[in-house]
Amino acid sequence: MDINLYNTLTKRKDKFEPIDSKEVRIYSCGPTVYKNATIGNIRTNIFQDVLRRVLKYNGYKIKHAMNITDVGHLVSDGDDGEDKMLKSAREEKKTPLQIAEHYTKLFFEDLEELNIETPEIICKATEHINEMLEYVKKLMENGYAYETSTAIYFDISKLDKYPILSNIDIEKQKAGARVEVDEEKRNPSDFALWIKAPENHLMKWDSPWGLSYPGWHIECSAMGQKYLGDEFDIHTGGIDLVPTHHENEIAQSKGKCGKIPAKYWIHGEYLLIDGGKMSKSLGNAYLIKDIKEKGYDPISYKLFSYSCHYRNKLNFTWAGIESASKSLEKLRNSYQVNLKGNDELTSSDLEKLKEAEENFHKAINDDLNMPLAMSFVWEVAKYEKKNEQIAKLLEKFDTVLGIKIDKINSKEEQSEEIEQEIIELLEQRKIARENKDWAKSDEIRDIINQKGYIVKDTKEGQKLEKNK
Ligand code: AMP
Ligand code: ZN
């Protein structure tokens, strides 16, 4: 079955055709490890995890690289301001290395809590200084870079086209450029590849231009090329990276080897809070830890995120988490009930289940349409009959959902869950009786019996008792 993915580069859904049919190569921009990852950051990791899982569901092998930004990302997201790592180190009275180690560890703990697969390659910027330096030297050699008294800049006027990924208006930028940060810059959109370190700067390395440190964008170009080659399949990240980081990664790659590094550029939309922006820098951000502290399984957040397409904005609410948490319990309960179920499946049942399976596959292959895919998961989870084969199908779906569907709910949740299932059966029986379908009504009564309850018909309606 074809996979179609929305490509920011072509601005349409493109049929996915990997460069190498055996292995899909993906690069994802990872966290800047200066603070805790917010649930906003993690939304991007969830969408990237779904992408991996969908490709695997379709039989592909994955080689996925994700970087850890531990140097070079300035507070402005541009070329001015303090390095985010150094700012945190100063505020927390630690070394940049301690800051990076601490927050990297917490980030991977979050991924584990959410059952997000770890990419095959994790690469840290500070461990690839040489590769970045070589990259900048090559850009210099190729005539795409120039030196000023403060930095080495990329000269965007040397490209045939800039921008190509985003719609930033560089003419407007020119008009609006009153005081340039560096007046020696040739074009307002030129960006720093390498920055000369002021005295007392904590992170700096030897280079042909003296003690200095890398700009933000060069790390991903250098590490992407090192691990995945000049051209790979997919590049991902949050939507905010399109006009800055990713536009400039493309520029760098074109300057070095004349190629756009990835065929498909896929971007996840933002998680909002109270309809506004959530970010580490604004200080209004929730963490996975906060969800856990309220007593929820963190995977509830993953399920919550499936209620919205990854290319739409999602507004975070605690009511949403509450409802996702209930859904998670129901799905896990359905799995357990089906595992033990021995209702016979007729050919018509099997056909219906096959259709749900196909619809699920079509939905995930249509630009990772998780809200639609979830509707088919529910169709199967709520199927009127219970059978081990249904549990197996739910397990198959879970290779994409990654919600640990086989995890057993706690005792309290279980009793509440069974009640819920019985309530649904009682509802179906009520409808059967209203339709005078006595055979169906008796059949449901027997199912309820098997589940440890006796149903009695009284003047007030059906009454339920525990079967002792
Ligand atoms: P950072 O740690 O700031 O480098 O960001 C890591 C990733 O999280 C990037 O891909 C960002 O685009 C993404 N991101 C940041 N804030 C949000 C948000 N509120 N919702 C979704 N993704 C986000
Ligand atoms: Zn990046």
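The values are calculated or read from the model by the stated rules, or taken from the named source; none is laboratory data. This one's a predicted model, so the numbers in the text were calculated from it and none came from an experiment. FYI the Cβ positions are ideal-geometry reconstructions off the backbone, even for glycines, and counts take in every protein chain you see.
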Going through the stretch 222-249 in order, the residues found to be crowded, with 23+ Cβ neighbours inside 10 Å, within 16 Å of ligand 1 (Cβ to nearest atom) and of a type in the set (A, V, I, L, M, F, W, C) are 223, 234, 241
Residues of the stretch 213-234 being in contact with a strand residue (DSSP E or B) (Cβ under 8 Å, 6 or more places away or on another chain), touching a residue at least 40 places away in the same chain (Cβ under 8 Å) and within 21 Å of residue 78 (Cα to Cα), which ones? 213, 214, 215, 216, 218, 219, 220, 223, 224
Which of the residues spanning the stretch 17-63 are in contact (Cβ under 8 Å) with a residue 12 or more places away in the chain, away from ligand 2 (no atom under 16 Å from the Cβ) and among the small types (Gly, Ala, Ser)? 40
Quick one: in the stretch 1-15, which of the residues that are assigned to a loop (DSSP other than H, G, I, E, B) and closer than 30 Å to residue 298 by Cβ is farthest from ligand 1 (Cβ to nearest atom)? 3
Which one is surrounded by the fewest Cβ atoms within 10 Å (Cβ to Cβ), of the residues in the stretch 96-141 that are in contact with a helix residue (DSSP H, G or I) (Cβ under 6 Å, 6 or more places away or on another chain) and farther than 27 Å from residue 51 by Cα? 138
In this structure, does residue 22 turn out to be over 19 Å from the mean Cα position of the chain (by Cα) and more than 11 Å from ligand 1 (Cβ to nearest atom)? yes
Take the residues in the stretch 250-259 that are in contact (Cβ under 8 Å) with a residue 40 or more places away in the chain and not aliphatic (A, V, I, L, M); name whichever of them is nearest to ligand 1 (Cβ to nearest atom). 252
Of the residues that sit in the stretch 155-179 and are surrounded by 13 or more Cβ atoms within 10 Å (Cβ to Cβ) and modelled with pLDDT under 75, which one is farthest from the chain's Cα centre (by Cα)? 177
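Yes/no matrix, rows are residues, columns are (1) within 24 Å of residue 157 (Cβ to Cβ); (2) within 16 Å of ligand 2 (Cβ to nearest atom):
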{"residue": "189", "(1), (2)": "yes, no"}
{"residue": "192", "(1), (2)": "yes, yes"}
{"residue": "195", "(1), (2)": "yes, no"}
{"residue": "212", "(1), (2)": "yes, no"}
{"residue": "226", "(1), (2)": "no, yes"}
{"residue": "241", "(1), (2)": "yes, yes"}
{"residue": "251", "(1), (2)": "yes, yes"}
With (1) within 16 Å of ligand 2 (Cβ to nearest atom); (2) touching an Asp or Glu at 6+ places or on another chain (Cβ under 9 Å) as the list, and residue 232 as the residue in question, which single condition is left unmet? (2)
Count, please, the residues in the stretch 15-69 that happen to be β-branched (Val, Ile, Thr) and closer than 13 Å to residue 237 by Cβ. 4
